[in-house]
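Only one structure is covered here, and it is reproduced in the block below.
The values are calculated or read from the model by the stated rules, or taken from the named source; none is laboratory data. Since this is a predicted model, take the numbers as computed values, not measurements. Heads up: the accessible areas ignore ligands, DNA and RNA and are worked out on the full protein's heavy atoms, side chains in. Shrake-Rupley method; radii C 1.70, N 1.55, O 1.52, S 1.80 Å.
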Amino acid sequence: MTSRSHHYVRARRTMPLVSLTAVLGIAVAGCSSGSTADDGPDKNPTKSAKASPAPTKSSADPQAQEKKAALTTYARMWDEQVKAYAKADATGTDLKKYATKDALGRAMGDLLLMKKAGTAAKGAPTHRNTKIDAPIDLGAKIPKARVTDCLDITNWPTVKRSTGKVLPFPSTQPMRYLTTAQAEKWGNQWIITKVETHGNRTC
């Protein structure tokens, strides 16, 4: 997350995180850190999910229920991140309710760079085949889940905030690639702690 050009953000979209630094301009394999993240989740998720959770086998199955809850948090995190990136500012969004630690820190870093570069992201990404494959250890002190998702950024271009002009994606930017996320259950709520995008693994 460096040069304030639109290429910086775009390239980071293919890097560890929900990172839109993909649209500011770094190479497709980099990553960044830094965190203004809160370490505790908000216990009141309210937003609807755009990344639809995968169907579950039975509402009476504890595994199915927890997987659905984790996927709903993942989807809502994306909803709030899209809102924040649309104005290069997390103010007025519920991003901190659904993301923390590395995931939130990277998103906040992206937003800072976008604000300085005068860019934003228009539209929204789409998600395909979002799921949790492995069983969740429900007896663990902190249950954890790994989300896999095929992220499509075709309809999520970067724009100049001052003019609304759409900035072209770099020629090497894949439009669809594997994204993974780590989720943890804190108390009664799932929260996303880390997101990684794998630009070299198209889907």
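Things to note:
- Whether the range 79-180 is rounded, prolate or oblate, judged on the alpha carbon gyration tensor where a/c under 1.5 counts as rounded: oblate
- The slack between Thr91 and Thr148, meaning 0.36 nm per residue of separation minus the straight C-alpha distance, is 17.7 nm.
- Whole-percent carbon and sulfur share, accessible surface of the range 114-172, 1.4 Å: 53
- Antiparallel DSSP beta bridges within the range 81-203, percent to nearest 5: 95
- Rounded, prolate or oblate (a/c below 1.5 giving rounded, otherwise prolate when a/b exceeds b/c) for the range 112-154 by Cα gyration tensor: oblate
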